Structure formats: C-alpha cells, structure tokens
1. Any residue at all in the stretch 168-184 that's closer than 25 Å to residue 121 by Cα and surrounded by 17 or more Cβ atoms within 10 Å (Cβ to Cβ)?
2. Just to be sure before I move on: is residue 127 surrounded by fewer than 17 Cβ atoms within 10 Å (Cβ to Cβ) and under 17 Å from the mean Cα position of the chain (by Cα) in the structure I sent?
3. Quick one: how many residues across the stretch 230-243 are over 16 Å from residue 283 (Cβ atoms) and either touching a helix residue (DSSP H, G or I) at 6+ places or on another chain (Cβ under 8 Å) or not assigned by TED's automatic domain parsing to the domain that holds residue 197 (or both)?
4. Restricting to the stretch 48-75, name every residue that is without any contact (Cβ under 8 Å) to a residue 24 or more places away in the chain, more than 19 Å from residue 118 (Cβ to Cβ) and either in contact with a strand residue (DSSP E or B) (Cβ under 8 Å, 6 or more places away or on another chain) or buried (at least 18 other Cβ atoms within 10 Å of the Cβ) (or both).
5. Any chance you could count how many residues in the stretch 232-266 are within 29 Å of the chain's Cα centre (by Cα) and either assigned to a loop (DSSP other than H, G, I, E, B) or exposed (fewer than 15 other Cβ atoms within 10 Å of the Cβ) (or both)?
6. Report those strands (runs of 3 or more DSSP E) wholly inside the stretch 170-228 carrying at least 2 residues which are over 25 Å from residue 108 (Cα atoms).
C-alpha cells in the first residue's frame, strides 16, 4: 500500500510542479478544494448555514483511511475560485479513496486531527474570547478519487453548547422598578477533552460571571414585559452536577408616599438541575429570567432537537 501511495504522491507532486508552467485549465480538474457549510446555526463565529469566507480551517486527508496524504494544512477562501483551498495547494490522486478531517477555526488551541478524526485535550473555556469561539469539526470521504467531486463538501458540526440568557419582568408592576444587577453561573466544568464524538475528563468546577451591569426591566406601550438580552456564550457540553446553579442578583425599588424603598433579596441561587440535566453539543439553550414580587422561584425547561432549548426562571420578591 505504501509503495502505491508513494507512486501516487510522486504523480501528484509532478502535477504540482507542472503548475508553474501550466494553467489551471491545463491541469484539468485535479486541483483539490473545499466547499464547507455549517450544520446548524449559532450566533457565535458561524451564523446560519454558510461558512464565513473570512474564516479558515485546518484539514488533513488520509489515503484509504489510514495513510497520510496531507496533514494539518490551513484552508482559506479563494475569491478567484469561490472555494476554500489549502496552502500549499493539493491535487487528487488518480485512484483510491481519501478521508478528510477538519476543524474550525484554524487557530483553535489544544485540538488536533489524525486518521481517527478530531480530538481535543484539556480544551478550556474561561475567558470572554474562549466563550465566543465557535469550535467546529467535520469529516468527509470520497470513495473513488478517479471520479472525485469538483469540491469536497465539509459539513461542520458544533462541538460546544451555547447558552443564551435574557431577562423580563414576571408581570407589570406600576409602583416598582425592577433591575437585574448581576448574573453568575456556578459549578460548571470549564475544562474537558473530546474524542470519539463525545466530551469526557471534565476538570474542576468553575464560576462564570456572565453580567455585572445593572439592567432595568422595561415594558412596552401596552405595559407588557419586554424581554431583554443579557449574554450569549459558549460552554463545554456536560452533565450538570448537583452543584450547578445560577446566582441572580436583582433589586426591586417601590415608591410609597414619594419615598423610594429598596427591597433586595439577592443574590438568589437557583439549581440548574431542576430543569435540564445536561447540555449537548450543537444545541442552544435559552434561559429566561422572570423577575417579580411574589416570593416564588420556579424553573422549567424543554429540549426539542436543535430548536432553541428554553429554560424559564422566575425570581420573585415580596
């Protein structure tokens, strides 16, 4: 097999050398390029199902699934050909199969690809930059390179989970001003490893400060509570531990006889496991905090495929 592969590589190398004196048309359709798409949408780096032309990804190819044809090359968008091409450029072998593995973005740390696919070792999400970096991976196999496609289609899947937090008043309160003052998420794993399509070896629990700014809740012209965005960040998929919780800080200011009275029962800790038991890769979970004045805290959640995963939280004060 390796003798055959060596011959094929020599043929490809000859084609690459001839590119210096031949036009792209002279080479026929042997140049190897990619047409990536995003499998699902998030609001991180990749939005919608079109892979952004400003992004680059790493890609490796394996002949007959085992022998390295090329490894760890960066594929970037070519405006001339409207496709992603590697540097240096690569060319199809005359026969056999090629299996491709890729990950995005090309600058992602602590990740790798080999003949077994995509892996990550001690991948960490703690900083704001890490919490907004959409880690994706893809694979594709061309069974017969003699009749290869014009471009390799790579469908990227999201390796992480996205959490969206928003806040609204539980009802209209004519005599009160309600504000979210802080939001933290505790007991969440921030380090883990990925292999065989799953995350494992989660590290120690970590506390994230999602918001420290005061957000006053508002109402529309019909006095209906308006939903205000707080943040949208990426986290490691994981089974939620019994200690996983939201810490919600808020204030309620009431006015009686022209005097303001501040009611504060914050921070309030709300267990996350009362709604969802885990976060899955490639899913978006929407948590809505409903803040009111009746001294009740409730939590509901639903999971339906890739649809927005909703978790409603009511934080209420006397």
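The values are calculated or read from the model by the stated rules, or taken from the named source; none is laboratory data. What you see is a predicted model, and the numbers here were worked out from it, not measured in a lab. Here the Cβ is made from the backbone with ideal geometry for all residues, glycine too, and neighbour counts use every protein chain on show.
1. The first filter runs over the stretch 168-184 and keeps only residues closer than 25 Å to residue 121 by Cα, leaving none.
No, every residue in the stretch 168-184 fails to be closer than 25 Å to residue 121 by Cα and surrounded by 17 or more Cβ atoms within 10 Å (Cβ to Cβ).
2. Values: surrounded by fewer than 17 Cβ atoms within 10 Å (Cβ to Cβ): yes; under 17 Å from the mean Cα position of the chain (by Cα): yes.
Against the criterion (surrounded by fewer than 17 Cβ atoms within 10 Å (Cβ to Cβ) and under 17 Å from the mean Cα position of the chain (by Cα)), residue 127 qualifies.
3. Our first condition is that a residue be over 16 Å from residue 283 (Cβ atoms); within the stretch 230-243, this holds for 230-231, 241-243.
Adding the requirement that they be either touching a helix residue (DSSP H, G or I) at 6+ places or on another chain (Cβ under 8 Å) or not assigned by TED's automatic domain parsing to the domain that holds residue 197 (or both) leaves 241-242.
Of the residues in that region, 2 qualify.
4. 48, 49, 50, 54
5. 8
6. Values: elements: 176-189, 191-195, 198-200, 205-211.
By residue number, 176-189.
Rundown of residues vs (1) within 26 Å of residue 312 (Cα to Cα); (2) assigned by TED's automatic domain parsing to the domain that holds residue 269; (3) surrounded by 14 or more Cβ atoms within 10 Å (Cβ to Cβ), yes/no style:
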| residue | (1), (2), (3) |
| --- | --- |
| 132 | yes, no, yes |
| 136 | no, no, yes |
| 217 | yes, yes, yes |
| 228 | yes, yes, yes |
